[in-house]
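Single-structure report; data block below.
What follows is calculated from the coordinates using simple rules that are stated; it is not laboratory data. Because the structure is a prediction, the values reported are computed rather than measured. For neighbour counting, all protein chains shown are included, and Cβ atoms are generated from backbone atoms with ideal geometry for every residue, glycine included.
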Amino acid sequence: MPDKKLLVVLTGAGISAESGLKTFRDAGGLWENHNVLDVASIEGWKRNPELVHRFYDERRKQAFSAIPNEGHRTLARLEKYFDVRIITQNVDDLHEKAGSTNVLHLHGDLFSARSSKNPLLTKFIGDAPLPYGESSGDGGVWRPNIVWFGESVPNMTPAMELVEKAGIFVVVGTSLQVYPAAGLLDYVRPGVPVWLADPNAHEIRVERRVQVLAKPAGQALPEIEQQLLTLFTIAHE
Ligand code: NAD
């Protein structure tokens, strides 16, 4: 049974674009000028670990100094009225910086490292670079704590369970091309209102009826906020 006050939001790289962090689809399938499979696959890491570590060192530095935008802030504000749960494909921490308290990262995060042998062995590294080759003490080495293409996504199970209970579902800033995350939309119960916010919404194929706002997150999310507050007749302070 969907919980009417449970607002589940699936976010992707696009929500952080207005904070200066580049998406990769917008650059023709490249992520900061790199072929995605060179920097976001286990094969790429084995081929050239130094390059991969340097790539994430750079992303970490950028994300560390990035500031949340109106899109992130709107989602944090909505916690006053709804039980907001964010499922993000992003590896930055801009939702947390904006004040969101329930954020599930599907693809890992930039600010910790994990053992190459055991994804559950992690350590916080903050904004520090992660040198290649340092022992993680279990026979492995520390590597970026990012879920790379082809690796399993342990947080998919809690994400699917959350989406099944959602009373409202919002998708923002994702091309819905990266699986299994893109499949989450299939778990939304019939009758649950769904919004999609993305300036390139016309390029995104969605099977079910959704309310589309073809605008950047910083504009679209405050509009969705207004619609939600009206729909649920909550007086906006
Ligand atoms: P994507 O790059 O495939 O798609 C980004 C989407 O954002 C596109 O549909 C684009 O139209 C949209 N977009 C662009 N500007 C926008 C804006 N201002 N507001 C709203 N939407 C906007 O991203 P994805 O679907 O998240 O998949 C990419 C993968 O790359 C993810 O797994 C993620 O881990 C990783 N990634 C993360 C970051 C980050 O953490 N900030 C940045 C780049 C890539």
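Quick check on my filter: what residues within the range 167-183 are small (Gly, Ala, Ser) and either touching an Asp or Glu at 6+ places or on another chain (Cβ under 8 Å) or within 12 Å of the ligand (Cβ to nearest atom) (or both)? Selection gives Gly167, Gly173, Ser175, Ala181, Ala182. Annotation note: of Glu151, Glu164, the sole residue that is surrounded by 14 or more Cβ atoms within 10 Å (Cβ to Cβ), within 16 Å of the ligand (Cβ to nearest atom) and acidic (Asp, Glu) is Glu151. Please determine whether any residue of the range 75-98 is touching a Lys or Arg at 6+ places or on another chain (Cβ under 6 Å), without any contact (Cβ under 8 Å) to a residue 40 or more places away in the chain and within 30 Å of Phe232 (Cβ to Cβ). Yes: the range 75-98 contains one or more residues that are touching a Lys or Arg at 6+ places or on another chain (Cβ under 6 Å), without any contact (Cβ under 8 Å) to a residue 40 or more places away in the chain and within 30 Å of Phe232 (Cβ to Cβ). Just wondering, is there one or more residues in the range 35-45 that are farther than 30 Å from Gln226 by Cβ and acidic (Asp, Glu)? Yes.
One residue alone among Asn48, Asn90 is within 13 Å of the ligand (Cβ to nearest atom) and not basic (Lys, Arg), and that residue is Asn90.
Take Ala17 and tell me if it is within 14 Å of the ligand (Cβ to nearest atom), in contact with a Gly (Cβ under 9 Å, 6 or more places away or on another chain) and hydrophobic (A, V, I, L, M, F, W, C). Against the criterion (within 14 Å of the ligand (Cβ to nearest atom), in contact with a Gly (Cβ under 9 Å, 6 or more places away or on another chain) and hydrophobic (A, V, I, L, M, F, W, C)), Ala17 qualifies.
Restricting the search to the range 4-16, which residues are of a type in the set (A, V, I, L, M) and farther than 13 Å from His95 by Cα?
Of everything in the range 4-16, those that are of a type in the set (A, V, I, L, M) and farther than 13 Å from His95 by Cα turn out to be Leu6, Leu7, Val8.
Checked against (1) exposed (fewer than 15 other Cβ atoms within 10 Å of the Cβ); (2) aliphatic (A, V, I, L, M); (3) closer than 25 Å to Gln177 by Cα, Ala63 passes all but condition (1). Counting only strands (runs of 3 or more DSSP E) wholly contained in the range 74-192, the ones carrying 3 or more residues that are more than 15 Å from the chain's Cα centre (by Cα) occupy 108-115, 122-124, 142-146, 166-172.
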